[in-house]
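K.L.:
The structure is given below, and queries will be raised subsequently.
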Amino acid sequence: MDSSILIIVLSLSVLISYGFDLFSSRFKTPAVLLLLLLGMLTRQATQYFDVQVPYVNAILPTLGTLGLILIVLEGGLDLELHADRLSVLRRTLLASLLAIIGGTLLMAGMLYLLLNDSFYHCLIAALPFSIISSTVTVQRVDQLSGGQREYAVYESAFASILGIMAYNFLLLSRDSVLSAVWLFTRDTFFMAFISLICCFLLLYLIGRINHRIKFLPIISVLFLVYALAEINHLSSLLLILIFGLFLNNTELFIRGRLSMILKNDLFEKELDQLKNLTAEGSFVVRTFFYLILGYAAIPHELVDVDALVVSALFVLIIIGWRWVTLRLTYWGASGALLWVAPRGLITILLYLNIPEDLRLQGFREGIPLLVVVLLYLVVMTGVVGSRKVKE
């Protein structure tokens, strides 16, 4: 493909995605659905004009991983660990754990009854669908009340980390659960220690680098450490979350003379710049991820009767179990919060990364995308419907 054509395509993709985002905020239509639809239409157009788009299946997981890192970093940079928020932190942490454990067991049990494969394979297949999408949650919180908004943001941030950690634990427990517990505990503490060292080092660099290019090298270091930890099957996202929390709550960790060494007078301004860079980078990566995901989707897999039935059952389980978790952890009328249970990038990425020998036999390939689309529709209609009832 000619370089000028490629530049035009990439630029138009970002501009169209930005337009979708503005349209979404105005008419309450999920921008992700529009990006998926655009990707599907692009596939039909390329097939009609006999244009080949190479490396689609190789690019998709890479974009998903980059987007996941930026989303978790963005979430960490938004979380504030103040004493007056300890209650909501505890409740949202519990809600995330209940959602992942209970949702995974319920969906795995359903798959076990339907497909009669090993329950372990069913757990691996079901886990990605129990993780709420922090990206879509953040986009929809403006339609929630103050308490509901705070609850949804914290819950989705915790869900991303806990979901990845649970997924890694399941992979480790392939041979022995006891061995998996030991390896998981050891690796988590080791990763937390490495994360703290990286936090102090990177904070020192932020205060000392005077070059006009400052944050891209720091984010590149995070990507590098993440990749090295991922190769060694460590809880690499823990590093990203701890770094984000550390920077946004330095007053809790950095005090006295240490604050004079590691921070400068421009720290707050530079932190805002890092937040903006992370948000815009996350937006660009998500744009191309969902476009390529829509392009890679095979239409006949999305209209398969079995896939539609299983997807609808998954949605019912997710909403039903969410009602239970909210009753246990949310103080007050849940209202629209019940319907804010979207699935997105993490669900797709974890499903794509399931090893071939652990794939569930008979599980339709179109189910992940169908669940994502159906839950987007549930969020859209449920939240709007709750607002009308309230009014």
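The values are calculated or read from the model by the stated rules, or taken from the named source; none is laboratory data. Because the structure is a prediction, the values reported are computed rather than measured. We place every Cβ from the backbone using ideal geometry, glycine too, and count neighbours over all the protein chains shown. SASA here: full protein model, heavy atoms, side chains in, ligands and nucleic acids out. Shrake-Rupley method; radii C 1.70, N 1.55, O 1.52, S 1.80 Å.
K.L.:
Give me the dipole magnitude in Debye, nearest 20, for the chain about the Cα centre, with unit charges on the beta carbon: positive for Lys and Arg, negative for Asp and Glu.
P.N.:
Computed about the Cα centre, the dipole is about 920 debye.
K.L.:
Which listed residue (G332, N353, L302) has the Cα farthest towards the positive end of the charge dipole for the stretch 290-391, taking +1 on Lys and Arg C-beta and -1 on Asp and Glu C-beta about the Cα centre?
P.N.:
It is G332.
K.L.:
Order of 63-74, 111-122 by packing, highest average Cβ count within 10 Å first?
P.N.:
Details: 63-74: 23.4, 111-122: 15.9.
The densest-packed peptide leads the list: 63-74, 111-122.
K.L.:
Let me ask you something else. Treating the beta-carbon of each Lys and Arg as +1 and of each Asp and Glu as -1, no other charges, what is the dipole magnitude of the stretch 46-191 about its Cα centre, to the nearest 20 debye? Don't skip to the answer; put the middle values down first.
P.N.:
Details: 7 positive and 11 negative charges, 62 e Å.
Here the stretch 46-191 has a charge dipole of around 300 debye.
K.L.:
In a Debye calculation with equal point scatterers on the alpha-carbon sites of the stretch 1-152 and no solvent, what is log10 I(q)/I(0) at q = 0.10, 0.18, 0.20, 0.21 Å⁻¹?
P.N.:
-0.58, -1.27, -1.34, -1.37
K.L.:
Based on alpha-carbon centroids, what's the gap between the stretch 81-104 and the stretch 168-228 in Å, whole number please?
P.N.:
First find each Cα centre; the distance between them is then 23 Å.
K.L.:
K269: accessible area at probe 1.4 Å, nearest 10 Å²?
P.N.:
Counting only protein heavy atoms, the figure is 130 Å².
K.L.:
On full extension of the chain, what length is gained from I213 through D50, given 0.36 nm per residue of separation minus the C-alpha to C-alpha distance? Provide the component values of the computation, followed by the final result.
P.N.:
Numbers: separation 163, 0.36 × 163 = 58.68 nm, distance 4.21 nm.
Between I213 and D50, full extension yields 54.5 nm more.
K.L.:
For a test of the definition: using alpha carbon positions, the gyration tensor, and the 1.5 limit on a/c, classify the stretch 76-199 as rounded, prolate or oblate. Could the numbers behind the result be given before it?
P.N.:
Values: a/c = 2.63, a/b = 1.31, b/c = 2.01.
Since a/c reaches 1.5 but b/c is at least a/b, the shape of the stretch 76-199 is classed as oblate.
K.L.:
Right, here's the next one. For the chain, what does the relative contact order come out to in percent, with C-alpha contacts under 8 Å and a separation of six or more?
P.N.:
Numbers: 434 pairs, mean separation 118.6, N = 391.
Value for the chain: 30 percent.
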